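Structure first, commentary second.
The values are calculated or read from the model by the stated rules, or taken from the named source; none is laboratory data. Bear in mind that the values here come from a model prediction, so they are computed numbers and not experimental data. For neighbour counting, all protein chains shown are included, and Cβ atoms are generated from backbone atoms with ideal geometry for every residue, glycine included.
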Amino acid sequence: MHTGERPRTLARARTRARTRAAAVAACALGALALSACGAAETGKQSLADSNTVNLTAPSWVGAEANTAVAAHLLEEELGYNVRTRQMGEVLAWDALSRGDVDAILEDWGHPQEEKRYVEEKKTVVPGGDLGVTGHIGWFVPKYFADEHPDVTDWRNLDKYADELRTPESGDKGQLLEGSPDYVTNDEALIKNLDLDLKPVYAGSEATQITQIRRSAENRKPFLTYWWTPQWLNAEVEMVEVELPERTEGCDADPERIDCAYPKTPLQKFLNADFAENGGRAAQFLKNFRWTEDQQNEVAQMIAGERMPAEEAAEKWVEENPQVWKKWIP
């Protein structure tokens, strides 16, 4: 997975440069000032002196919408500089624990990382509910479900394996996946439910969306790993396939999972030091909470209208002051 800092606008870059130059000048005043402004043994500037907030930018557009709006408000309303870095979900937890990243704004559930970093190491703390409930599942297009109503029961999927085959899936029905980095139980589900299916990874959310759109335009049947909220659901109507009902402990062992995905209230997590010492920025991120429709509105501008994320965030902020002003500490 490529990891890198996303560029901001030229004007904001110049503002950051002036801020950094001022900080360097202040540190040059003397050894005592240098000890306060210089990097710690970990290489990170002390939070009390830092005016930069580091956020993750996950690879799906809903999470990108969170980051874009938060970054815009942190910069324009609170005067911070924001760096965003795209990285995988588990890598983001590692970076959060080290302090390389200050916050994750949309987590779909990582119990192993929570146990390690929140409960044991205490380097990460909960940042509150995002306000959006996420759900992953298997979906087929509504036009296919209308023609074959029984396809929405997992026990009947093998019956349609031939119609779901693709060159990539060989002699099995294709289950279209997104990025290999996404949290998925699908290989275990297929094995444990003894289904004639094969996961085929599109490689990214954008490529997966392109394939779904192409299939929908041609009214071809498809089965896909998919989730809500997602802006595309307003464009391509899909119906969820009912997987076996969840029971307590049914997903405790990743290799023996044989039940549906949960409904997950999406959570924020903050680096523990940042949460305590990050001032108004930390409080703002704790306060950040919006609805599925609000997130989808920004996501649709980014992915559906091909608007740069910064412009989409700016447009949404201009039109929704009654929402975001409650987040400002």
Checklist entry - Here are Glu89, Glu106, Glu64: which of them is touching an Asp or Glu at 6+ places or on another chain (Cβ under 7 Å) and among the acidic types (Asp, Glu)? => result Glu89
Item to check | Residue list for region 77-114, restricted to those being under 17 Å from Thr264 (Cα atoms) and surrounded by fewer than 18 Cβ atoms within 10 Å (Cβ to Cβ) | outcome: Gly109, Pro111, Gln112, Glu114
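One line per residue, one yes/no per condition, for (1) within 25 Å of Asn296 (Cβ to Cβ); (2) touching a residue at least 60 places away in the same chain (Cβ under 8 Å); (3) surrounded by 17 or more Cβ atoms within 10 Å (Cβ to Cβ); (4) in the same structural domain as Glu205 (by TED's automatic domain parsing):
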position: Glu217; (1), (2), (3), (4): yes, no, no, yes
position: Pro221; (1), (2), (3), (4): no, yes, yes, yes
position: Trp226; (1), (2), (3), (4): yes, yes, yes, yes
position: Pro229; (1), (2), (3), (4): yes, yes, yes, yes
position: Glu235; (1), (2), (3), (4): yes, yes, no, yes
position: Met238; (1), (2), (3), (4): yes, yes, yes, yes
position: Glu248; (1), (2), (3), (4): no, no, no, yes
position: Ala252; (1), (2), (3), (4): no, no, no, yes
position: Cys259; (1), (2), (3), (4): no, no, yes, yes
Checklist entry - Looking at (1) farther than 30 Å from Trp327 by Cα; (2) touching a Lys or Arg at 6+ places or on another chain (Cβ under 9 Å); (3) of a type outside the set (S, T, N, Q), can you tell me which one Gly178 breaks? => result (2)
Next on the checklist: Suppose we filter Asn287, Asn277 for residues that are out of contact with any helix residue (DSSP H, G or I) (no Cβ under 7 Å at 6 or more places or on another chain), within 15 Å of Thr67 (Cα to Cα) and surrounded by fewer than 19 Cβ atoms within 10 Å (Cβ to Cβ); which single one remains?
Outcome noted: Asn287
Checklist outcome for this item: Scanning region 173-211 for residues that are under 22 Å from Asp150 (Cα atoms) and touching a residue at least 60 places away in the same chain (Cβ under 8 Å), the one surrounded by the most Cβ atoms within 10 Å (Cβ to Cβ) turns out to be Leu189
Next on the checklist: Go through region 210-240 and report how many residues are in a helix (DSSP H, G or I), touching a helix residue (DSSP H, G or I) at 6+ places or on another chain (Cβ under 6 Å) and within 24 Å of Asp171 (Cα to Cα).
Outcome noted: 0
Next on the checklist: Suppose we keep only residues that are surrounded by 15 or more Cβ atoms within 10 Å (Cβ to Cβ) and not hydrophobic (A, V, I, L, M, F, W, C) within region 149-162. Which one would you say is nearest to the chain's Cα centre (by Cα)?
Outcome noted: Thr152
Checklist outcome for this item: Condition set modelled with pLDDT under 95 and in contact with a Gly (Cβ under 9 Å, 6 or more places away or on another chain), scope region 211-233, selection nearest to Pro199 (Cα to Cα): answer is Trp227
Checklist entry - Of the residues in region 250-291, how many are part of a helix (DSSP H, G or I) and not charged (D, E, K, R)? => result 11
Checklist entry - Which residues, counting only those in region 79-103, are assigned to a loop (DSSP other than H, G, I, E, B), over 16 Å from Thr67 (Cβ atoms) and touching a residue at least 60 places away in the same chain (Cβ under 8 Å)? => result Gly99
